[in-house]
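Beneath this line is the structure, given in structure tokens, with notes to follow.
Bear in mind that the values in this text are calculations on the coordinates, not laboratory data. Source: prediction; values computed, not measured. Positions of Cβ are backbone-derived with ideal geometry, glycine not excepted, and every protein chain shown enters the neighbour counts.
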Amino acid sequence: MAEFSITNTTAPTTDAARHAALADPGFGRYYVDHQVVIDHIDGDGWQDPRVIPMSEWALHPAAAVLHYGQEIFEGLKAYRRDDDSIWLFRPDRNAARFVHSAERMAMATLPEDLFIDSVRQLVELEQAWVPVSENEQSLYIRPFMIASEPYLGVREANNYRFAVIATPAGPYYSEPVKLWITPNYTRAAPGGTGTAKCGGNYASSLVATKEAAANGCGQVLWTDGAEHKWVEECGTMNIMFVTADGELVTPALGSILAGVTRDSILKLAPMHDLTPVERPITIDEVLDGVASGQIPEVFACGTAAVVTPITGFNSPDRGVQKVGDGQPGVKTRAIRQHLVDIQYGRAEDPFGWTQRVC
Ligand SMILES: *Cc1c(COP(=O)(O)O)cnc(C)c1O
């Protein structure tokens with residue numbers, strides 16, 4: 001484990017205030033008392049891993065991230081089990097994806113073990129902030145990296161800052177979601193940044209989320225950039241279709257984000273009598289299948305949202321369409337429960353996905 005210097009906060013959250021926060025954490029409303037910071041200095045590499053009190057940063061107004069958007073992030077959770085031990089779920093996948101995202105954005109790459117050590121440091125120190133498992137609460141951990149070098153020329157920055165912050169969280173979408181199929185916007189294109197977890201992908205997606213809301217939907221279902229024909233993902237979640245023939249179909253990797261939850265669910269599918277299938281699928285196949293009953297269940301998945309039932313679609317071409325009877329499906333609920341039970345240590349972990357912190 002890398003050596004971290006630790007500077008304790010002089011103003012820790014009181015037990016009473018933390019208990020009040022954990023009683024209704026929301027998402028991103030409260031933050032733990034410390035953060036991990038590691039700076040990358042050109043020529044010297046990653047410097048001085050440290051845990052410091054949660055506070056604002058000083059950043060030069062010319063810092064490259066503020067102008068050209070070199071920023072990447074990750075999201076994972078720490079789960080408290082019934083015996084009070086605290087566990088992570090597949091943090092190695094997040095560490096590896098962080099390297100992939102950094103490479104795509106021409107940023108410095110953080111060694112995977114340093115990423116995992118940083119997460120462990122913060123979670124261990126802030127274990128009191130990990131909520132009890134009731135209502136599927138957890139501590140959401142947000143590692144991220146920015147280009148910190150002050151420089152206005154356009155090139156990749158030389159200096160970067162990596163940090164980890166954390167926020168107690170309940171489930172992100174507490175209700176099933178309807179998806180808007182936008183005719184106007186594109187999230188990703190071949191050769192673009194769709195496979196990187198970068199802030200820019202989100203920045204460009206927000207206008208479409210507003211359009212979705214205006215059309216009675218909670219999220220966008222993105223289609224491909226060239227033809228608006230092939231299903232991609234939801235932009236914070238990957239998407240999956242349960243078929244009447246017992247398949248679990250999800251768009252193949254390419255310009256979508258390779259979700260850890262997506263990968264995990266594909267591996268659990270056979271235990272639910274579903275054959276996992278990764279292949280291109282058109283929006284027409286989906287909407288026809290939903291209409292005919294060939295696709296009785298649809299759900300989206302991601303760390304923050306876990307498994308979110310999709311109960312309807314709306315699009316300019318085909319209007320509002322309900323999935324099944326408009327309620328979360330049987331397979332959807334079973335897979336969701338299975339995944340959550342593994343994460344909280346209530347079900348066997350056949351793939352060795354969970355790692356104990358403390
Ligand atoms: C983070 C993210 C997901 C979900 O990935 P998980 O690893 O399962 O959390 C899906 N799509 C996009 C665009 C994302 O940023």
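Proximity of backbone amide H atoms, modeled 1.01 Å from N, is registered between Lys77 and Phe89, Ile141 at under 5 Å, excluding neighbours fewer than 5 places apart on the same chain.
Here the Karplus curve 6.51 cos²θ - 1.76 cosθ + 1.60, taken at θ = phi - 60°, turns the phi angles of the stretch 223-239 into couplings of 10, 5, x, 7, 10, 6, 10, 9, 6, 10, 6, 9, x, 10, 9, 7, 10 Hz, with x standing for Gly and Pro. Looking at the stretch 47-190, what % of the alpha carbon pairs are farther apart than 18 Å? More than 18 Å apart: 65 percent of the Cα pairs in the stretch 47-190. Along the chain, the exposed loop sites are GluC sites (Glu not before Pro) outside DSSP states H, G, I, E and B with at most 16 other Cβ atoms within 10 Å, and the longest stretch free of them is 228-347. Taking amide H as placed 1.01 Å from N in the peptide plane, the amide H of Leu221 sits under 5 Å from that of Trp180, Ile181, Thr182, each at least 5 places away or on another chain. Against the empirical 2.2 N^0.38 Å (N residues), the stretch 52-129 has a Cα radius of gyration ratio of 1.32.
The order of Ser5, Ser118, Ser204, going from fewest to most other C-beta atoms within 10 Å of their C-beta, is Ser5, Ser204, Ser118. Computed 3J(HN,Hα) for the stretch 324-329, one whole-Hz value per residue from the Karplus formula 6.51 cos²θ - 1.76 cosθ + 1.60 where θ = phi - 60°, is x, 9, x, 10, x, x, glycine and proline marked x. Remark on the stretch 228-331: hydrodynamic radius 13.7 angstrom, per the Kirkwood mean of 1/r across alpha carbon pairs. Note on the chain: Cα-Cα pairs beyond 27 Å make up 49% of the total pair count.
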